[in-house]
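The values are calculated or read from the model by the stated rules, or taken from the named source; none is laboratory data. Computed from a predicted model, the values in this text were never measured in an experiment. For neighbour counting, all protein chains shown are included, and Cβ atoms are generated from backbone atoms with ideal geometry for every residue, glycine included. We work out accessible area using only protein heavy atoms, side chains counted, and drop any ligands, DNA or RNA first. Shrake-Rupley method; radii C 1.70, N 1.55, O 1.52, S 1.80 Å.
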Amino acid sequence: MYQILVADAINAEGLQPLLEYKDAVIIEKKVTDPEVELEKIDALLVRSATKVTEELFEKMPQLKIVARAGVGVDNIDVNAATKRGVIVVNAPDGNTISTAEHTFAMMAALMRNIPQAHQSVKNLEWKRNEFVGNELYGKTLGILGMGRIGTELAKRSKAFGMNVQVFDPFLTNERASKLGVQNSSLDEVLEHADIITVHTPLTAETKGLINEKALSKTKKGVYFLNCARGGIIDEDALATFIGNGHVAGAALDVFEVEPPGEYPLFKFDNVIVTPHLGASTREAQLNVATQVAKEVRMFFEDKPVSNSINLPAMSKDIFERIRPFHYLAKQIGSTLSQCINEGIQEISITFSGSVTDLETTYLTKALLSGFFKNRIDIYVNEVNALLTAKERGITVGEKISTNSFGYANCISVTAKSETRQFTIRGTFIDHYGPRIVYLNDFNIDFYPEGNLLYIQHMDRPGVIGRVGKILGDHSINIATMQVGRKQVGGEAIMILSFDKPIDDIAVNKLNELDDIVSMNHILL
Ligand SMILES: NC(=O)c1ccc[n+]([C@@H]2O[C@H](COP(=O)([O-])OP(=O)(O)OC[C@H]3O[C@@H](n4cnc5c(N)ncnc54)[C@H](O)[C@@H]3O)[C@@H](O)[C@H]2O)c1
Ligand SMILES: O=C(O)CC[C@@H](O)C(=O)O
């Protein structure tokens with residue numbers, strides 16, 4: 001039974017896909033609640049309140065997926081998640097419209113002094129001259145960050161007759177002209193805009209994007225909006241420029257520290273604020289909760305998640321095509337690691353035939369996760385496989401080849417240690433499934449699953465019989481047996497499979513046999 005912790009206020013109706021999931025129990029409590037057994041939690045659902053830090057991951061060794069019911073993942077240490085193989089998903093577009101509408105509402109309220117006038121009337125005043133505002137019509141709106149929210153805001157602002165000038169390093173001129181906005185540099189926006197709004201994520205690059213230097217390039221009387229993340233506009237610098245009258249006003253939905261407590265900007269009447277309400281509509285909360293609940297359920301049902309921050313996105317269709325090779329790659333990796341007993345320095349993977357049409361990097365990661373599964377303690381999956389290899393000094397190479405060794409598809413892997421190299425190849429055969437077809441210079445053919453014994457021996461009369469006898473004497477039933485050799489009387493290999501695990505006594509007896517060179521018990 002998966003334990004799913006819903007740590008922030010997430011729309012209950014949206015959680016329905018998880019509430020209906022019979023393999024999960026939902027716990028709605030804060031991560032700090034002493035009743036929560038953090039060490040048993042498999043999935044964590046949050047909004048922006050819970051900070052998902054390295055220390056929290058430390059307390060949650062079972063955690064497999066963190067879902068952010070919203071866009072920004074700046075409250076989640078994604079690097080720490082990746083290192084531990086924890087998948088991070090978000091709900092990227094469920095609150096786009098709500099946040100764009102909130103930004104627009106803030107802009108209109110700011111330009112027409114609505115919050116101040118509202119308060120004044122409620123204080124039994126009637127100061128019509130004091131609250132004279134400005135039209136939006138004809139003004140230049142500068143948008144920094146033309147992603148989902150920036151784009152929706154641009155559309156709404158154009159409908160109000162505004163000129164829209166934008167800066168986004170990833171925006172092409174073609175897209176800008178389709179949207180009817182002017183694609184500009186940061187400085188051009190700063191110099192020309194009457195109102196400037198930020199819609200970037202908070203990153204090392206965007207932290208303080210609007211600082212003293214940027215503010216000093218703006219027009220006197222400019223207005224600022226921040227409905228993205230606190231810190232993109234430097235709050236101290238903004239306070240200075242509002243205080244000296246250069247900036248005419250600001251509307252803020254987000255703060256460097258939330259809740260902001262005693263806050264220098266609150267003393268200005270021309271600063272209007274909301275408590276991080278951009279996404280707070282019934283529609284957005286239902287959308288984001290449903291999106292993440294579906295994603296978490298898909299993950300536990302072993303289906304592809306589409307909005308992962310640290311995994312490649314894959315459609316259901318593509319996932320169905322890659323699924324057999326994904327399994328094959330994992331089993332190859334796991335077989336490989338159990339066939340070699342020394343430290344590996346290099347793993348080279350070559351894909352050929354029909355598998356090359358697929359996302360091979362994803363298969364490389366799956367192969368590595370299989371490789372590490374039996375070698376190290378930490379949970380390795382496609383998220384942290386490459387990082388784990390790097391941390392352990394293993395060079396991983398991937399290439400495509402036209403030589404598929406006569407198979408319709410082939411994954412060939414060579415692992416190198418200081419002293420030797422080991423090659424393993426697998427293929428997926430329609431109607432048969434995954435097969436290992438080459439092991440350490442021997443052609444062979446076996447199904448990579450279950451309890452296997454890989455025996456290297458000399459090709460001499462009676463060896464196979466003696467192996468069979470010892471196993472029989474220990475009541476061990478051989479399910480399948482494959483042999484491979486290069487020349488008569490030379491080195492040979494055997495792969496035996498069993499219905500149940502074989503005991504150490506039998507293995508030791510087998511090891512004592514003449515003509516047995518080495519033996520590896522493989523559990524797949
Ligand atoms: N107030 C709220 O409740 C609320 C709700 C939703 C989202 N948000 C915030 O809004 C942000 C934007 O959301 P979105 O869905 O539009 O994201 P998005 O990823 O669709 O758009 C972000 C855009 O910023 C651009 N960008 C990145 N670095 C930049 C830089 N240095 N200068 C200029 N542009 C840059 C990107 O190219 C991208 O186009 C989120 O990261 C989140 O922090 C806030
Ligand atoms: O959870 C919220 O309400 C805030 C969401 C918003 O900041 C986001 O990044 O999606």
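Could you provide, to the nearest whole Å², the per residue accessible area of the stretch 43-129 with probe 1.4 Å?
Result: 45 Å² per residue.
What are the aspartates and glutamates whose alpha-carbon lies under 16 Å from the alpha-carbon of residue 213, with same-chain residues fewer than 8 places away excluded?
The qualifying aspartates and glutamates are 187, 188, 191, 205, 234, 235, 236.
Under 5 Å between amide H atoms, partner at least 5 residues away or on a different chain: which partners does residue 52 have, H built in plane at 1.01 Å?
Residues meeting the criterion, in which the H sits 1.01 Å from N, are 76, 77.
In the structure shown, do any of 122/158; 29/294; 122/267; 40/365; 127/158; 30/294 have a Cα-Cα gap over 23 Å, and if so which?
Correct reply: 122/158; 40/365; 127/158.
Step through the residues of the stretch 285-300 one at a time and calculate ³J(HN,Hα) from phi using the Karplus curve (6.51 cos²θ - 1.76 cosθ + 1.60, θ = phi - 60°), rounding each to whole Hz and writing x for Gly and Pro.
Using θ = phi - 60°, the values come out as 5, 5, 4, 5, 5, 5, 4, 6, 4, 5, 4, 5, 5, 4, 4, 5 Hz.
Within straight cross-link reach of residue 207, meaning Cα distance under 20 Å, which lysines are found once same-chain residues fewer than 8 apart are removed?
The qualifying lysines are 51, 217.
Considering the Cα positions of the stretch 72-115, please state its Rg to one decimal place and its Dmax as a whole number of Å.
16.8, 50
Mean projection of the alpha-carbon convex hull of the stretch 392-472 over all orientations, in nm²?
Across all orientations, the stretch 392-472 yields a mean hull projection of 8.4 nm².
Per-residue HN-Hα couplings for the stretch 327-342, Karplus 6.51 cos²θ - 1.76 cosθ + 1.60 at θ = phi - 60°, whole Hz, x for Gly and Pro?
In residue order, the calculated couplings are 5, 4, 4, 4, 5, 4, x, 5, 4, 4, 5, 8, 8, 10, 10, 10 Hz.
To the nearest 0.05, how large is the calculated FRET efficiency for residue 449 and residue 122 if R₀ is 56 Å and r is the Cβ-Cβ distance?
0.20
Scan around residue 93 for amide H atoms under 5 Å from its own, H built in the peptide plane at 1.01 Å from N, and keep only partners 5 or more places away or cross-chain.
Amide H to amide H, under 5 Å and 5 or more residues apart or across chains, residue 93 pairs with nothing.
Can you divide the C-alpha Rg of the chain by 2.2 N^0.38 Å and report the result to two decimal places?
1.29
What is the calculated FRET efficiency for residue 313 to residue 469, with r their C-beta to C-beta distance and R₀ = 56 Å, to the nearest 0.05?
E between residue 313 and residue 469, to the nearest 0.05, is 0.55.
Among 452-464, 434-446, how do they line up by average Cβ neighbours within 10 Å per residue, starting with the highest?
In descending order of packing, they fall as 434-446, 452-464.
Rounded to the nearest whole Å², what accessible area per residue is found for the stretch 316-523 with the 1.4 Å probe?
48
Taking θ as phi - 60°, what are the ³J(HN,Hα) couplings along the stretch 357-367 by the Karplus curve (6.51, -1.76, 1.60), each to the nearest whole Hz, with x for Gly and Pro?
Listing the rounded values in order: 6, 9, 6, 5, 4, 5, 5, 4, 5, 4, 4 Hz.
For a quick protection proxy, order the peptides 219-225, 166-172, 502-508 by their average other-Cβ count within 10 Å, most packed first.
219-225, 166-172, 502-508
Can you tell me the order of 266-277, 1-12, 119-130 when each peptide is scored by its average per-residue count of other Cβ atoms within 10 angstrom, highest first?
So the peptides 266-277, 1-12, 119-130, ranked by packing, come out 1-12, 266-277, 119-130.
Quick query: amide H of residue 224 versus all other amide H atoms, modeled in the peptide plane; which residues come in under 5 Å with a sequence gap of 5 or more or a different chain?
For residue 224, the qualifying residues are 196, 249, 250, 251.
Is the shape of the stretch 9-80 best called rounded, prolate or oblate, per the rule: a/c under 1.5 gives rounded, else a/b larger than b/c gives prolate, else oblate, with a ≥ b ≥ c the square roots of the Cα gyration tensor eigenvalues?
Oblate.
Where Rh denotes the Kirkwood radius from the mean inverse Cα pair distance, what is Rg over Rh for the stretch 316-523?
On the Cα set of the stretch 316-523, Rg over Rh gives 0.98.
With a 1.4 Å probe and all protein chains left in place, how much of the accessible area of the chain comes from carbon and sulfur atoms, in whole percent?
For the chain, the apolar C and S fraction of the accessible surface comes to 50 percent.
May I ask you to give the average projected area over all directions of the convex hull of the Cα atoms of the stretch 96-273, in nm² rounded to one decimal?
Dividing the Cα hull surface by four gives the mean projection, 10.2 nm².
Per-residue ellipticity at 222 nm for the chain, helices alone: DSSP H runs ≥ 4 residues times -39500 (n - 2.57), over residue total, nearest 500 deg cm²/dmol?
-9500 deg cm²/dmol
Can you give the accessible area per residue of the stretch 195-266, in Å², using a 1.4 Å probe?
Result: 42 Å² per residue.
At a Förster radius of 41 Å, what calculated FRET efficiency corresponds to the Cβ-Cβ distance of residue 186 and residue 54, to the nearest 0.05?
FRET efficiency, residue 186 to residue 54: 0.80.
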